[in-house]
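Everything on this sheet refers to the single structure shown next.
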Amino acid sequence: VKGQNILGVDLGKKKLFSSVILYSDGNYSDEIINSRISHRIDEKLKRKLKDLEHLLEKNKTLENLINGDINLFNSHLEEIRQDRVNQIMELRGNISNTKRYIAKLITSEIVSVAKENGCKEIHVENLSWLESKGGRWNHAEVQDFITEFAELEGIKVVKIYAKHTSSAHPITGELGKKRNRNIQFQNGNVMAEKG
């Protein structure tokens, strides 16, 4: 990659990703976020997760009926339970595939932004410690895809230790003091708190 710019990326919950280009002259771009397509697919994923939660709750109720004193309809209830278990397994597989698709889609968007804007590096928070605890999708998997896709384009990926990044001065590294919803530094600079 011929460029000298750096793309900073924050993987999030409200926005799948938020990024800013730091130009070699010290200026930076406006915020660049995920596409409408990836947002729509993420909304579908949220609905699928709610459907799964609802099915699991219904199945729990059914299990209580089967294990209870109601023996009259046990064969019919067992048939319903088996159908529901099949639905749950199918939905879980579908959710897993959708999560992976979203991870690849937003990775593709991030690497495309970096390539189109002459970025030699992509900086992301090191979230590998989250493993699969990151909510709707696996942040560590997304980072692995970013590294893989960026490498194909000759772009280096740098994982940044995330502690204090939302309260540290971007140039001096000084940790600021919280003042309402802002971070204030000793030299008087004020930065809006990340969130």
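The values are calculated or read from the model by the stated rules, or taken from the named source; none is laboratory data. Worth saying up front: this structure is predicted, and the values here are computed from it rather than measured. Here Cβ is always computed from backbone atoms with ideal geometry, including for glycine, and neighbour counts include all displayed protein chains. When the accessible area is computed, the model is the full protein with side chains, heavy atoms only, and any ligands, DNA or RNA have been set aside. Shrake-Rupley method; radii C 1.70, N 1.55, O 1.52, S 1.80 Å.
Quick one: would you say residue 129 is among the aromatic types (Phe, Trp, Tyr), over 23 Å from residue 31 (Cβ atoms), at pLDDT below 75 and under 23 Å from the mean Cα position of the chain (by Cα)?
yes
Among the residues of region 33-58, how many are in a helix (DSSP H, G or I) and either open to solvent by less than 80 Å² (accessible area, probe 1.4 Å) or more than 20 Å from residue 86 (Cα to Cα) (or both)?
Qualifying residue count, region 33-58: 16.
Do we have any residue at all in region 169-186 that's within 21 Å of the chain's Cα centre (by Cα) and modelled with pLDDT under 60?
no
Within region 70-94, which residues are among the β-branched types (Val, Ile, Thr) and at pLDDT 80 or above?
Residues satisfying the conditions are 80, 85, 88.
Open to solvent by less than 80 Å² (accessible area, probe 1.4 Å), at pLDDT below 95 and in contact with a strand residue (DSSP E or B) (Cβ under 9 Å, 6 or more places away or on another chain): does that describe residue 22?
The answer is no for residue 22.
Out of the residues in region 95-109 that are touching a Lys or Arg at 6+ places or on another chain (Cβ under 9 Å) and either at pLDDT 95 or above or open to solvent by less than 20 Å² (accessible area, probe 1.4 Å) (or both), which is farthest from residue 42 (Cα to Cα)?
95
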